[in-house]
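Coordinate-derived values only; no laboratory data. Remember, it's a predicted structure, so these values are computed and weren't measured experimentally. With ideal geometry, Cβ positions are generated from the backbone for all residues, glycine too; neighbour counts draw on all protein chains shown.
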Amino acid sequence: MRDTFVATVMELAAEDPNLHLITGDLGFGVLKPFWERFPDQFTNAGIAEQNMTSFAAGMALEGKTVFTYSIGNFPTLRALEQIRNDCAYHEANVKIVCVGGGFVYGALGMSHHATEDLAVMRALPGVTVLAPADPVEARVATRAIHAHQGTAYLRLGRGGETVIHHGSEPETVARALTIHEGDGVAILSTGAIVDEVLEARKMVASHGLRPAVLTFPTVKPIDAATIRDLAARFPLLVTVEEHNIVGGFGGAVAEVLAELRMPRARLARIGLEDQYSSVVGSQKYLRDIYGMSAPRIADRILKELG
Amino acid sequence: MNSTDLSWRIRRHGIEMTHLSKGSHIGSILSVSDIVAVLYADVANVDPSDPEHDGRDRIILSKGHAGAAMYAALAEKGFFDIAELSTHYADGSRLSGHVSHKGVPGVEFSTGSLGHGLSVAAGMAYAAKKDGKSHRVFVILGDGECDEGSVWEAALVANHYQLDNLVAVIDHNRMQSLDFCEDTIALEPFADKWRAFGWTVLAVDGHDHDQLRTAFAHAQTSPGPTAILAETVKGKGISFMENDILWHYRFPHEGEEYDSAVAELEAQRAHDGDEGGSTR
């Protein structure tokens, strides 16, 4: 997904001389093709995310479309007020890119776990929030935020994500994408955790269940129309995100559901249960510890359906 | 309008605006008035008839709490109606206490949280250089604001990219919200810090318009970014407000405070031999 982003942003940089990529001194071995091919459209702002973000806003107001690139929480939480005041309030064309959403950097410790970023970015007016599930969504999402006027946040995984969209590329990532039709329960997810969701779907099949699976590449603005439609067609919706269950994707879905008239679907949110992880381990390991692995998702669905 | 006249009008508006709105920061407004006046009267290329023309110089008031000074300068320059200044802080006004660009012609950037402006200005200056544009970027900071770490992140970057089109004016009144800067978080040796960060530092009397003009001219030819360290007096021009921390937040109350402030300004006006009208 990370490499897809870089390849896509390189295509865009070739088309748009006003595209500029700024890194907060990260992207070793990843951004090199970009800075070698587009040295005039690349800047290393050093280890200074607050300045990087305001600097990007200044450039954007001069006509540039600026991508800021870093990992984990550094491009967001470290520079939150700069995003709010300097980028979003000024409707600046700054595209904030995070590599390592969720537990990608699991073994590095809680500083590197991006598990509140969706909630925090989603709370900012004027910030569009995207979390693609696979390289195909990442490519469309990167092009979409480049075309979008204003501030956007793109939350990526790292690398090696399974391609889930086969055939032609989706035209838009603004709407939810259906991976599997189903009945009885619909699983809604955002970001790279979809691979666990798809495994979980196989696991519950032996219990006679056939969940629908949808990805939501865009967390804000949330595709409320699809959620309303699902709420009318399924008795249970399950959200899965590699993120705190408070305020993020599950929160966005809950907000839509809560305002619907009965009868409507019930909701179960799967994600990090409002805590920080002090457990050391790989992304896969931590997903399991915190209830987001395929077996844990499958168990939860079976439990919810009683 | 010359800079002396403009600075007087900024001070007069500042007293009026904070009095009417019961607003804070008159000390900072009076401190920065001469810097703002010289910039708008004699230095910056800005055009009220075409506020967004691409070749304009960019001005960011990073110490946004002194926004009344910028609003007053813009109104006097003709960017909007002087009468609107009386709506400062008022319900439905576009003139917020800390400076806002939304719907206000001539305001380049909204500030209010300290430590943002220098980074934004550096980004603007960097983009301008990339595109071979010749306009300049001016940013006015407070000295207390330099407690913010992000200021120094920006100082590093501006030097690294040798942003010779960037000028930071530091309103060095030596006071911040609760106390003197040196008794809060010591800044000295302040000029040496900027020099150590690679900046050209020009120390001037921040109330001497000739010195300010000379510094702005010098900044144009100096290599890399320039910091004009403007030695100022908080509350400058109103004797009982000068160097008194009380006037960071207090507004000139109806009666003695307001009347004395206006009387002092009127006396200065008479002394300057200019008949410019009162704003009230």
Tell me the label-point distance for the pair B:LEU178, B:SER93, using the 7 Å Cα-to-Cβ offset, in nm and rounded to one decimal.
-> 2.9 nm
State to the nearest 20 debye the size of the charge dipole of the protein assembly as shown about its Cα centre, where the only charges are +1 on K and R beta carbons and -1 on D and E beta carbons.
-> 2400 debye
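Roughly what % of Cα-Cα distances in segment B:191-262 sit above 20 Å, to the whole percent?
48 percent
If each residue's Cβ is checked for other Cβ atoms within 10 Å, how do A:CYS87, B:CYS181 rank with the fewest at the top? List each step's numbers first, then the result.
Values: A:CYS87 31, B:CYS181 20.
In increasing order of surrounding Cβ atoms, one gets B:CYS181, A:CYS87.
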Taking A:LYS303 as the anchor, which lysines have their alpha carbon closer than 17 Å to its alpha carbon, excluding any fewer than eight residues away along the same chain?
-> A:LYS202
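Output the Kirkwood hydrodynamic radius of the protein assembly as shown, Cα pairs only, in Å rounded to one decimal. Walk me through the intermediate numbers first.
Values: mean 1/r = 0.0387 Å⁻¹.
It works out to 25.9 Å.
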Identify the GluC sites (Glu not before Pro) of segment B:175-280 meeting these criteria: DSSP loop state and at most 14 other C-beta atoms within 10 Å of the C-beta.
-> B:GLU254, B:GLU275
Taking segment A:200-271, which GluC sites (Glu not before Pro) meet the DSSP loop condition and have no more than 10 other C-beta atoms within 10 Å?
-> A:GLU259
Compute the Rg/Rh shape ratio of segment B:94-176: radius of gyration over Kirkwood radius, all on alpha-carbon atoms.
-> 0.98
Amide H neighbours of A:LEU272 under 5 Å, counting only residues 5+ apart in sequence or on other chains, H built in-plane at 1.01 Å?
-> A:HIS243, A:ASN244, A:ILE245
Whole Å is fine, so just give me how far the alpha carbon centre of segment B:246-274 lies from that of segment A:245-305.
-> 63 Å
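Quick check: from the Cα gyration tensor, does segment B:173-226 come out rounded (a/c under 1.5), prolate or oblate?
Working: a/c = 3.64, a/b = 1.50, b/c = 2.42.
Since a/c reaches 1.5 but b/c is at least a/b, the shape of segment B:173-226 is classed as oblate.
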Rounded to the nearest Å, the spacing of the alpha-carbon centers of segment B:154-212 and segment B:38-70 is 20 Å
Taking the Cα atoms only, what angle lies between the long axis of helix B:256-271 and the longest principal axis of chain B, rounded to 10 degrees?
-> 70 degrees
Sort all Cα-Cα distances of segment A:201-249 into consecutive 5 angstrom bins from zero, then give the percent of pairs in each bin up to the one containing the longest distance.
-> 4, 15, 23, 26, 19, 10, 3, 0
At q = 0.11, 0.14 Å⁻¹, what is the log10 ratio I(q)/I(0) for segment B:3-271, with the Debye formula run over Cα points and no solvent?
-> -0.55, -0.91
By average Cβ neighbour count within 10 Å, what is the ranking of B:92-102, A:119-129 from highest down?
-> A:119-129, B:92-102
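Normalised by the residues of chain B, what does the relative contact order come to in percent, with Cα pairs under 8 Å and at least six apart? Numbers along the way, then the final one.
On the way: 566 pairs, mean separation 64.3, N = 280.
Result for chain B is 23 percent.
Counting partner chain Cβ atoms within 10 Å of every residue's Cβ in A:15-28, what's the average?
Details: counts 0, 0, 2, 3, 0, 4, 0, 2, 0, 0, 0, 0, 0, 0.
Partner-chain Cβ atoms within 10 Å, mean over residues of A:15-28: 1.
Output the pairs from B:LYS102/B:LYS236; A:LYS64/A:LYS220; A:LYS220/B:LYS77; A:LYS32/B:LYS130; B:LYS133/B:LYS193; A:LYS64/B:LYS77 with a Cα-Cα distance over 32 Å in this structure; if there are none, say none. Provide the component values of the computation, followed by the final result.
Values: B:LYS102/B:LYS236 30 Å; A:LYS64/A:LYS220 23 Å; A:LYS220/B:LYS77 42 Å; A:LYS32/B:LYS130 21 Å; B:LYS133/B:LYS193 30 Å; A:LYS64/B:LYS77 30 Å.
Among B:LYS102/B:LYS236; A:LYS64/A:LYS220; A:LYS220/B:LYS77; A:LYS32/B:LYS130; B:LYS133/B:LYS193; A:LYS64/B:LYS77, the Cα-Cα distance tops 32 Å for A:LYS220/B:LYS77.
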Rounded to the nearest 10, the angle in degrees between the Cα long axis of helix B:117-130 and the longest principal axis of the Cα atoms of chain B comes to 50 degrees
Karplus-derived HN-Hα couplings along segment A:222-233 (A = 6.51, B = -1.76, C = 1.60, θ = phi - 60°), whole Hz, x at Gly and Pro | 5, 6, 5, 4, 5, 5, 4, 5, 5, 5, 7, 9
Reference-scaled alpha-carbon Rg (2.2 N^0.38 Å with N residues) for segment A:150-306 = 1.00
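Which of the chymotrypsin sites (Phe, Trp or Tyr not before Pro) found in segment A:1-77 are loop residues per DSSP with 12 or fewer other Cβ atoms within 10 Å of their Cβ?
Numbers: sites: A:PHE5, A:PHE28, A:PHE34, A:TRP35, A:PHE42, A:PHE55, A:PHE67, A:TYR69; in loops: A:PHE28.
Those satisfying the criteria are A:PHE28.
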From the Cα gyration tensor of chain A, with a ≥ b ≥ c the square roots of its eigenvalues, which class applies: rounded if a/c is under 1.5, or else prolate if a/b is larger than b/c, or else oblate?
-> prolate
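Once you order the gyration tensor axes a ≥ b ≥ c over the Cα atoms, which shape class does segment B:138-280 get: rounded for a/c under 1.5, otherwise prolate or oblate by comparing a/b with b/c? Don't jump to the answer; show the numbers that get you there.
Working: a/c = 2.94, a/b = 1.62, b/c = 1.81.
It is oblate, given that a/c is not under 1.5 and a/b is not larger than b/c.
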About the Cα centre, charge dipole magnitude for chain A (Lys/Arg +1, Asp/Glu -1 at Cβ), debye = 660 debye
Between the helical axis of B:67-77 and the dominant principal axis of chain B, each derived from Cα atoms, what acute angle in degrees is found, rounded to the nearest 10?
-> 80 degrees
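Quick one: order A:ILE245, B:ILE170 by neighbouring beta-carbon count within 10 Å, fewest to most.
With the fewest neighbours first, A:ILE245, B:ILE170 line up as A:ILE245, B:ILE170.
Expressed as a rounded percentage, what relative contact order does chain A have, with Cα pairs under 8 Å and six or more residues apart?
Averaging sequence separation for qualifying contacts and normalising by length gives 16 percent for chain A.
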Listed highest first by mean packing, meaning other Cβ atoms within 10 Å per residue, what order do A:203-210, B:62-69, B:130-137, A:16-23 come in?
-> B:62-69, A:16-23, B:130-137, A:203-210
